[in-house]
Amino acid sequence: MTTFTPTYDVVAEAQAAGYFPPRHSVEITGVRELTDRVMRLTFRDPFIASHAKPAQFVNLFTHDDFMLMPRPFGVSEVEGDEVSVIFAVIGHGTEQLARLEPGDTVDVLGPLGRGFNLKEDANYILVGGGLGVPPLIYAAQKLAENDASFATAVFGYRNDHFAEEYVSRYADWSWSIDDAEGNVVDLLNKLEQGDDLKAYDRKPVILSCGPLPMMKAVAAWSAERDIPAQLSMEQRMGCGYGTCVLCTVDTVDGRLKVCSGGPVFTREQLGWGE
Amino acid sequence: MTTFTPTYDVVAEAQAAGYFPPRHSVEITGVRELTDRVMRLTFRDPFIASHAKPAQFVNLFTHDDFMLMPRPFGVSEVEGDEVSVIFAVIGHGTEQLARLEPGDTVDVLGPLGRGFNLKEDANYILVGGGLGVPPLIYAAQKLAENDASFATAVFGYRNDHFAEEYVSRYADWSWSIDDAEGNVVDLLNKLEQGDDLKAYDRKPVILSCGPLPMMKAVAAWSAERDIPAQLSMEQRMGCGYGTCVLCTVDTVDGRLKVCSGGPVFTREQLGWGE
Amino acid sequence: MIDSNQNDNHINIYEPHEWKHSTKVAGVEWKNPVGTASGTFQYAAVRWFYDVSQLGAVSTKGCSPVPWEGNPSPRTAEGPASNLNAVGLQNPGVDHYLEDDLPKLKKAGALVVANVAGHCDDDYMQVVAKLADSDADMLEINVSCPNVTHGGMSVGTDPVALSSLMDKLRPMTDKPIIVKLTPNVTDITVPARAAVEHGADALSMINTVLGMRLNIRTGEPIIANKTGGVSGPAVLPIGIAAVYRTRTVLPDIPIIGIGGIDSGEKALEYLYAGANAVEVGAAALFDPVAPLRIARELDDLLDSRPELAAKLAAGNTWR
Amino acid sequence: MIDSNQNDNHINIYEPHEWKHSTKVAGVEWKNPVGTASGTFQYAAVRWFYDVSQLGAVSTKGCSPVPWEGNPSPRTAEGPASNLNAVGLQNPGVDHYLEDDLPKLKKAGALVVANVAGHCDDDYMQVVAKLADSDADMLEINVSCPNVTHGGMSVGTDPVALSSLMDKLRPMTDKPIIVKLTPNVTDITVPARAAVEHGADALSMINTVLGMRLNIRTGEPIIANKTGGVSGPAVLPIGIAAVYRTRTVLPDIPIIGIGGIDSGEKALEYLYAGANAVEVGAAALFDPVAPLRIARELDDLLDSRPELAAKLAAGNTWR
Ligand SMILES: Cc1cc2nc3c(=O)[nH]c(=O)nc-3n(C[C@H](O)[C@H](O)[C@H](O)COP(=O)(O)OP(=O)(O)OC[C@H]3O[C@@H](n4cnc5c(N)ncnc54)[C@H](O)[C@@H]3O)c2cc1C
Ligand SMILES: Cc1cc2nc3c(=O)[nH]c(=O)nc-3n(C[C@H](O)[C@H](O)[C@H](O)COP(=O)(O)OP(=O)(O)OC[C@H]3O[C@@H](n4cnc5c(N)ncnc54)[C@H](O)[C@@H]3O)c2cc1C
Ligand SMILES: Cc1cc2nc3c(=O)[nH]c(=O)nc-3n(C[C@H](O)[C@H](O)[C@H](O)COP(=O)(O)O)c2cc1C
Ligand SMILES: Cc1cc2nc3c(=O)[nH]c(=O)nc-3n(C[C@H](O)[C@H](O)[C@H](O)COP(=O)(O)O)c2cc1C
Ligand code: FES
Ligand code: FES
């Protein structure tokens, strides 16, 4: 009986009073299985659609009262007032979210966290691995709105290249690799050799999200080349909005909250690859 | 994630193996609000429909994992393979059950307990109060199948006489009263004076279900007249099938389980009205 | 739509099954690591639902020297994802147990853990004396009952009292003695060590957690006894911590994990925490066949964990 | 369709509200009986969601003499209807608190309960010394932290150590001292009495319950610290029992009830158990505005309970 979800428009009330919307219920408008146990879920939320920045995330909540904790997912695309996330089914929570159907509702809180810094006009090299890919799709989508910046997607998948369809809509160049072929650093090296990471005179900036070992390797790769790198981290979360200090990552400035200090940290903050 | 409900036919499997069906999922086929906060819920369950005896009950389970405990309700009518219960919304569990709609599913275990003994050909006087009425409707329904017995319903309601429509389908005679007019014992006395409790030469037997004070008064009334009385008791339950000893009532034979020793006890067992 | 929920993987618990993964508790082989927890299993009720010989073991209702009438009703209330109970150990006494329940269970082929209750040391001794020559396979001493020999506190909360009780019981029988511990203590490893040092062959944990609910319409306690014991899914993390911490201190003692188990996955979690076996309590109140379903789920989960399965079969544990 | 669920009764928590039912804790008036629980409220995070001055009080994150970095990650796991945490009291220290959090909260109009952490008696003394002259309205001493002065056990589990700590802290300040007790003890009324006899003006209870989860894919603990503290709905009956039993032993001490509160109804249940006020913890993790929503629900529920409301307003309790 903890259903926190009001049936009235709590988002409008919060905004009218000058506050950020609390957890609220939204309608699922689309569900697609991209590959085995990887789902794309779309819901209608004008507030999140108009405010979310790349690498920001949303907390989704299951309808199962055994699982009260938030499930954080990076925003992967926004179309009109519809927001999409792409997620892997790894436990009971994502199993339940994977069973949602259009017309169902789900509770959401967001957008949360600090996204990528995309202010600079640059050639953003989006280095993603596995389920780190979704936020980078959204980065590509946002970058596509800015003619002065470019987006080069460099994605690594375990097997099926499930997100190419989406990223290819937005990225200026899109490359991918899977475990059978090698890892993203192999791909980066190959692209570098073929001069495929250059975009006219634009300065390269790495945006990365993926498994920890991959991101550490990417950080080292970028450090060697003195390319700035922004890395989006993952951590088990209690609240997702900065109130519980359950989601820390070790940085050169001490233990910082991933949910509000991040999820995006610079290579320098993490002290990686130096 | 304790959904115990299999999606396959566990009832058939259990029966095939010679066992009683465990908890299983059934489809709601009808929902009606009889009066303020009193609902009639119908579900399809061939097993319960063909086995339930009057005053036997079913455990219903909510879909809310906060509320794992069974909600026991007396069977109030059976039509074909559909089973109905009538219940008052008194807490969070019944609130949730009241929100079910046709096509929804609900988990059920039953039929449970020992019902009324209706073997004797007699004039059964069904004395019900409030939400004790539903099992007596089913007693009337079953008695209607036996030409040698009669059913005289004597029901007390708080205000709205919500069950008359149903009991009048089956009972040979049906009387009712509400709080504004008096209580069931007042009504019994009035009917006795008007000779309305007699059914030809049939021996009277009282079947009663209702609030404790009412049943005690009915027990006293029947004891004075030396009329046998079977009383259906209510107790908070843990399991409903006799395994936990959480549902006892004090009897002359010690503390007995309401769910499996009862819910029906004789006046003598309870030591009431002597 | 992804359909990977375990409940949708059809396990027909009524079909004959060859158990693949056994365990050993204090030298006694269980055909699988799942038993019932005391107080949530009565043969007369459960026999209608499944073949009780299919379980690893059945722990029967706490047994006292004479019949006990228990607490007045209501005896139960609900908590979020839990059940509260205050049965007060109502049971028909050890003589009835020996004449009725035990022979029926043995005839049905069950491996029987006879749970023993007492309000003073003498109660326990009387029951153990009678069970010593019985067909019960193991004894489980419930030390969570209020004990008058030790000033009303339960023996399980007082390591000195527990040691002295064990010193009395241990010489009385060669049957394996399991001591069932209460979580309502500052540090469960203290009574655990006391029990083992004074002769326990195994430990089981946890009994119920002290709790209470009030009726907000009346402002009064729901249970006649006022407080009760919390069980069911809500207590899972408490039971896991108890087993894990005890295993750290006592690397060799067999432990039966109890508390909040309602799926094969949760049973498995206890095994990883260091348990040799588990008992299922409240889940059986919500569905009679839960213990058997859980045993079958666990049997399948162990297929892909040969290292753990081998350790259990040999009487060892994951940790 | 019956529509009586409280969540469908539209309470607009953003609308200005005249609080109808206040309470008094150790002489300090709270505009309503609902505060936040320590460790689940950070002003910098919550200020975006609602006006914190609307709460009865805010209990801030445990404060140590110097910055503490806490435990490594992962720090959290999920239990059925609960959350497990092992933050390890990460906080920026009392000086930062006095310079930053506290002035901001006071400026925002909040009634501030400053929660104090320590790994030894001296830690507590240093923090209390600095808070004594601050704008904090009340102090809340968290005695659940592992304490090196007393051999690593938490002071809350040892009534002698707790008494001696209170003897040191009590003379240091005139501010009301609330002692926050851990439920991980054999009998919570024992430290409760020790705290009160040694100068506590009020008690708050419960802190988190010891628990643990393992990952069944790896067989290893989910939380880096291995064990953690269980909070959230699952612990409700444990908290209610703690308050009720303490109230029975200590009829006059103000008690703040904590544990599993996620609705006005559950807050009310604590008041019936004998609490003067409540604090809301984990519920705020699942929805930032939960404490304010609960306060509003309770304010309405108290309308129909004038006797209880009057007692609270006067600083008395239901029991
Ligand atoms: C900022 C952020 C963005 C993320 N974006 C994505 C994304 O776009 N796509 C995607 O597939 N996954 C993403 N994740 C991981 C995703 O949150 C987890 O896979 C998911 O919460 C697992 O839930 P579960 O119930 O299936 O797993 P369970 O293991 O059953 O969950 C138990 C608890 O652990 C937490 N948990 C388990 N695994 C993780 C994890 N890897 N990271 C964080 N919490 C975890 C759950 O949230 C829950 O509280 C992101 C995580 C973070 C922190
Ligand atoms: C044998 C039997 C037959 C019954 N038949 C009917 C019927 O036909 N119609 C009807 O309206 N009611 C009947 N009841 C009562 C019905 O079970 C309760 O009203 C219902 O369980 C309340 O659930 P809740 O979640 O709304 O209440 P809550 O108070 O939220 O429930 C909390 C817990 O207490 C139990 N509980 C609360 N009140 C009662 C009660 N009066 N009796 C037993 N358990 C209770 C619940 O089952 C649940 O486990 C019967 C009870 C029994 C024992
Ligand atoms: C109704 C009920 C009765 C119980 N009776 C006993 C008992 O007689 N002896 C005992 O040792 N434990 C008893 N217990 C405790 C359980 O055996 C078990 O330790 C506890 O419920 C935790 O497990 P669970 O969460 O799976 O229920 C009882 C529990 C319940 C719910
Ligand atoms: C993430 C987290 C951090 C906590 N930190 C503290 C703390 O610093 N000091 C303290 O006294 N209690 C702390 N607690 C305990 C809570 O204040 C509260 O006592 C407990 O969580 C039970 O309440 P709940 O069930 O409402 O969460 C913390 C709890 C959580 C969940
Ligand atoms: S998850 Fe709560 S502070 Fe980050
Ligand atoms: S409810 Fe379990 S024995 Fe009656």
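The values are calculated or read from the model by the stated rules, or taken from the named source; none is laboratory data. Everything numeric here is computed off the predicted structure, so don't read it as measured data. No Cβ is skipped: glycine too gets one built from the backbone with ideal geometry, and neighbour counts run over all protein chains shown. Ligands, DNA and RNA are stripped out before the accessible areas are found, and what is left, the full protein with its side chains, is counted by its heavy atoms. Shrake-Rupley method; radii C 1.70, N 1.55, O 1.52, S 1.80 Å.
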Every residue in region C:212-271 that is within 10 Å of chain D (Cβ to nearest Cβ), among the β-branched types (Val, Ile, Thr) and part of a helix (DSSP H, G or I), please. C:Val235, C:Ile238, C:Ile240, C:Val243, C:Thr248
May I ask you to list the residues in region D:170-191 that are under 20 Å from D:Ser38 (Cα atoms) and away from chain C (no Cβ under 14 Å)? D:Lys175, D:Pro176, D:Ile177, D:Ile178, D:Val179, D:Lys180
Look at region D:229-241 and say how many of its residues are open to solvent by 10 Å² or more (accessible area, probe 1.4 Å) and more than 16 Å from ligand 3 (Cβ to nearest atom). 1
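Condition check ((1) closer than 21 Å to B:Cys247 by Cβ; (2) open to solvent by less than 30 Å² (accessible area, probe 1.4 Å); (3) within 7 Å of another protein chain (Cβ to nearest Cβ)) across all residues:
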residue: B:Ala12; (1), (2), (3): no, no, no
residue: B:Arg23; (1), (2), (3): yes, yes, yes
residue: B:Phe43; (1), (2), (3): no, yes, no
residue: B:Pro46; (1), (2), (3): no, no, no
residue: B:Lys53; (1), (2), (3): yes, no, no
residue: B:Phe57; (1), (2), (3): yes, yes, no
residue: B:Asp64; (1), (2), (3): no, yes, yes
residue: B:Met67; (1), (2), (3): yes, yes, yes
Failed condition for A:Glu95, given (1) among the acidic types (Asp, Glu); (2) buried (at least 23 other Cβ atoms within 10 Å of the Cβ); (3) more than 30 Å from D:Tyr43 (Cβ to Cβ): (2)
Considering only region C:26-92, give the strands (runs of 3 or more DSSP E) lying wholly within it that have at least 1 residues that are at the interface with another protein chain (Cβ under 7 Å from one of its Cβ atoms) and touching a strand residue (DSSP E or B) at 6+ places or on another chain (Cβ under 6 Å). C:76-79, C:82-85
Might you let me know whether region D:142-154 holds any residue that is under 19 Å from D:Pro183 (Cα atoms), modelled with pLDDT under 95 and hydrophobic (A, V, I, L, M, F, W, C)? yes
When you look at B:Thr7, is it away from chain C (no Cβ under 14 Å), at negative phi and either in contact (Cβ under 8 Å) with a residue 12 or more places away in the chain or not aliphatic (A, V, I, L, M) (or both), yes or no? no
Going by the conditions given, is B:Gly113 closer than 21 Å to B:His51 by Cα and either more than 16 Å from ligand 5 (Cβ to nearest atom) or in contact with an Asp or Glu (Cβ under 9 Å, 6 or more places away or on another chain) (or both)? yes
Residue match in region B:223-234 (condition: more than 10 Å from ligand 6 (Cβ to nearest atom), of a type in the set (Asp, Glu) and more than 14 Å from chain C (Cβ to nearest Cβ)): yes
On the basis of being open to solvent by less than 10 Å² (accessible area, probe 1.4 Å), over 17 Å from the mean Cα position of the chain (by Cα) and closer than 25 Å to D:Leu181 by Cα, does C:Leu214 make the cut? yes
Answer yes or no as to whether D:Thr246 is away from ligand 6 (no atom under 16 Å from the Cβ) and either open to solvent by 10 Å² or more (accessible area, probe 1.4 Å) or small (Gly, Ala, Ser) (or both). no
Exclusive hit being of a type in the set (Ser, Thr, Tyr) and in contact with a Lys or Arg (Cβ under 7 Å, 6 or more places away or on another chain), set C:Ser204, C:Ser263: C:Ser204
Selection status of B:Val245, surrounded by 17 or more Cβ atoms within 10 Å (Cβ to Cβ), in the same structural domain as B:Ile137 (by TED's automatic domain parsing) and at pLDDT 95 or above: no
Given the residues B:Val252, B:Val245, which is the only one that is out of contact with any strand residue (DSSP E or B) (no Cβ under 8 Å at 6 or more places or on another chain) and within 14 Å of chain C (Cβ to nearest Cβ)? B:Val252
Flag for C:Ala195 being over 14 Å from the mean Cα position of the chain (by Cα), part of a loop (DSSP other than H, G, I, E, B) and buried (at least 22 other Cβ atoms within 10 Å of the Cβ): no
Check whether at least one residue in region B:104-121 is β-branched (Val, Ile, Thr), open to solvent by less than 10 Å² (accessible area, probe 1.4 Å) and free of Cβ contacts under 8 Å to residues at least 60 places away in the same chain, and report yes or no. no
Within region B:133-148, take every residue that is surrounded by fewer than 24 Cβ atoms within 10 Å (Cβ to Cβ) and within 14 Å of the chain's Cα centre (by Cα) and give me the one that is nearest to ligand 5 (Cβ to nearest atom). B:Gln141
Looking at A:Gly242, A:Gly254, can you tell me which residue is more than 16 Å from ligand 1 (Cβ to nearest atom), of a type in the set (Gly, Ala, Ser) and without any contact (Cβ under 8 Å) to a residue 24 or more places away in the chain? A:Gly254
Only unsatisfied item for A:Asp36, checking (1) over 30 Å from A:Ala153 (Cα atoms); (2) in contact with an Asp or Glu (Cβ under 8 Å, 6 or more places away or on another chain), is (1)
